[in-house]
Amino acid sequence: MSEPVRPPEVDRVAASRKAVAARRARASLKRDLSTRVVSPQDVLRAATADPQSAAGTLRVPEFLTALPAIGEGKRDRVLAELKISPVKRLGGLGARQREALRQWLDQRSPEPQPRPGRSRLVVLAGPTAVGKGTVAAHIRENHPDVLLSVSATTRAPRPGEVDGEHYFFVDDAEFDRMVADGELLEWATVHGVHRYGTPRGPIDRALSEGRSVLLEIDMQGAFQVRESDPRATLVFLLPPTWDELVSRLVGRGTEGEEERARRLRTAKAELAAQGEFDFRIVNDDVADAAAQVVDLMQASAR
Ligand code: 5GP
């Protein structure tokens, strides 16, 4: 039987739809690069693995200008230095050019290397709406052996929140006392309003029993924990894409327009600090991200 003959315009429409989708995918990838949701090294690896992918079909000059702090002048200097023609796509680089580009990227923004001798105290941080709470709740339900730290806060309980389970709800005077008595491992004023802090006692007890401990706190808190305990493991949770982060924030509908814009600005600043973390985990699927966090805990020495 012969193939049914399709009118040429059907093919043309299909081809132009495909071209539009590919352009959109490349635009989205460039946003991910500029916000640091993906690392340039990851994009280069994806391009090499599949030259037809959005990463593979991205032109090298566009890839370079999508990186933070690279303008057209710098782009042209880098292309000349690496001897890469501006018409080249990432997936079409020869082995030598690809290696030169990789080395240049590594020098410019080294990929985080986990530090040796980390403890079972794991801090989960990441930008707004990335799903830290959901990942932590998944671990609480499926791994009761892990202690999920309960913070103290001066904010009022929301409907359904239980004292001692979601937070210890305390007033300003009690929070001051906890700080003065050294009861908090770290504390911070979050979103410029209320204070939140991590009680030290339950954590020390759990760690001494050989249990793992998970802290779901903000970035300032994460760095304070590292200061008090340099062996703590810092994990940065990433959204699969920048567009997905924006749509999760809009979708949950708990913030107004202005607050959303403010949180997205903070998210960009937080994403820029991810290099300080020991590990990065992409929250594409909650169960999968939770499993990766638990694996890290089990891999830690003590
Ligand atoms: P919410 O008020 O929505 O429960 O939490 C607001 C923010 O406070 C979240 O970003 C959360 O990670 C952060 N947070 C919760 N507990 C602590 C804590 O003990 N210390 C610090 N530094 N941040 C916390």
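The values are calculated or read from the model by the stated rules, or taken from the named source; none is laboratory data. For clarity, every value in this text was computed on a predicted model and none was experimentally measured. In this analysis, Cβ positions are derived from the backbone assuming ideal geometry, glycine residues included, and neighbour counts consider all displayed protein chains. Heavy atoms of the whole protein, side chains included, go into the accessibility calculation; ligands, DNA and RNA do not. Shrake-Rupley method; radii C 1.70, N 1.55, O 1.52, S 1.80 Å.
Rank Lys18, Lys88 by accessible area, highest first, at a 1.4 Å probe radius? Display every interim value, and only then the final one.
Details: Lys18 155, Lys88 65 Å².
So the residues, ranked largest to smallest area, are Lys18, Lys88.
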Shape category assigned to region 1-72 from the gyration tensor of Cα positions, a/c cut at 1.5: prolate
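Given a 1.4 angstrom probe, I'd like the percentage of the accessible area of the chain that is carbon and sulfur, rounded to a whole number.
Numbers: 8400 of 16250 Å².
That fraction is 52 percent.
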Relative contact order of the chain, pairs being alpha-carbon contacts under 8 Å that are 6 or more residues apart, as %: 23 percent
Dipole of region 17-84 [Lys/Arg +1, Asp/Glu -1 at C-beta], most positive-end residue of Ser28, Pro61, Gly71: Ser28
Bins of 10 Å from zero: percent of alpha-carbon pairs in region 88-167: 12, 26, 23, 18, 14, 7, 0
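From Cα pairs below 8 angstrom and at least 6 apart in sequence, can you work out the relative contact order of region 169-236, rounded to a whole percent?
On the way: 44 pairs, mean separation 16.2, N = 68.
Relative contact order comes out at 24 percent.
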Relative contact order of region 41-120, defined on C-alpha pairs under 8 angstrom at six or more residues apart (%): 32 percent
Between 0 and 90°, nearest 10: helix 8-34 axis offset from the chain longest Cα axis: 40 degrees
In degrees, nearest ten, helix 242-252 long axis to first principal axis of the chain (Cα): 50 degrees
Distant-in-sequence amide H partners of Glu161 (H built 1.01 Å from N, under 5 Å): none
Angle in degrees between helix 219-228 and the longest Cα principal axis of the chain, rounded to the nearest 10: 60 degrees
Unit charges on C-beta of K, R, D, E only; dipole of region 112-234, Debye: 560 debye
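Can you give the accessible area per residue of region 60-112, in Å², using a 1.4 Å probe?
Each residue of region 60-112 exposes 57 Å² on average to a 1.4 Å probe.
Please get the size of the charge dipole for region 12-97, origin at its Cα centre, with Cβ charges of +1 on Lys and Arg and -1 on Asp and Glu, quoted in debye to the nearest 20.
Roughly 320 debye for region 12-97.
So what's region 127-168 giving for Cα Rg divided by 2.2 N^0.38 Å, two decimals? Can you show the working numbers first?
Numbers: Rg = 11.4 Å, N = 42, 2.2 N^0.38 = 9.1 Å.
Relative to the rule-of-thumb radius for its length, region 127-168 sits at 1.25.
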Above-threshold pairs, the threshold being 19 Å between Cα atoms, out of Lys30/Lys268; Lys18/Lys88; Lys30/Lys74: Lys18/Lys88
Whole-Hz couplings from phi, Karplus 6.51/-1.76/1.60, listed for region 157-168; x for Gly and Pro: x, 8, x, x, 7, 10, 5, x, 10, 7, 8, 9
Farthest toward positive dipole pole in the chain [+1 Lys/Arg, -1 Asp/Glu at C-beta], among Gly94, Phe236, Val293: Gly94
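Could you do me a favour and compute the accessible area per residue for region 132-187, 1.4 Å probe, result in Å²?
On the way: 3110 Å² over 56 residues.
Normalised by residue count, the accessible surface of region 132-187 is 56 Å².
Using a/c under 1.5 as the rounded threshold, could you call region 171-245 rounded, prolate or oblate? The axes a ≥ b ≥ c are square roots of the C-alpha gyration tensor eigenvalues, and prolate needs a/b larger than b/c, oblate otherwise.
Numbers: a/c = 2.41, a/b = 1.23, b/c = 1.96.
It comes out oblate by the Cα gyration axes.
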For Glu186, residues with placed amide H under 5 Å, excluding near neighbours: Thr198
Volume per residue of the C-alpha convex hull in the chain, rounded to whole Å³: 211 Å³
DSSP bridge pairs, region 186-302: antiparallel proportion in percent, nearest 5: 55 percent
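Where a ≥ b ≥ c are the square roots of the eigenvalues of the C-alpha gyration tensor, would you call region 205-281 rounded, which needs a/c under 1.5, or, failing that, prolate if a/b is larger than b/c, or oblate?
Working: a/c = 2.35, a/b = 2.10, b/c = 1.12.
Verdict is prolate for region 205-281.
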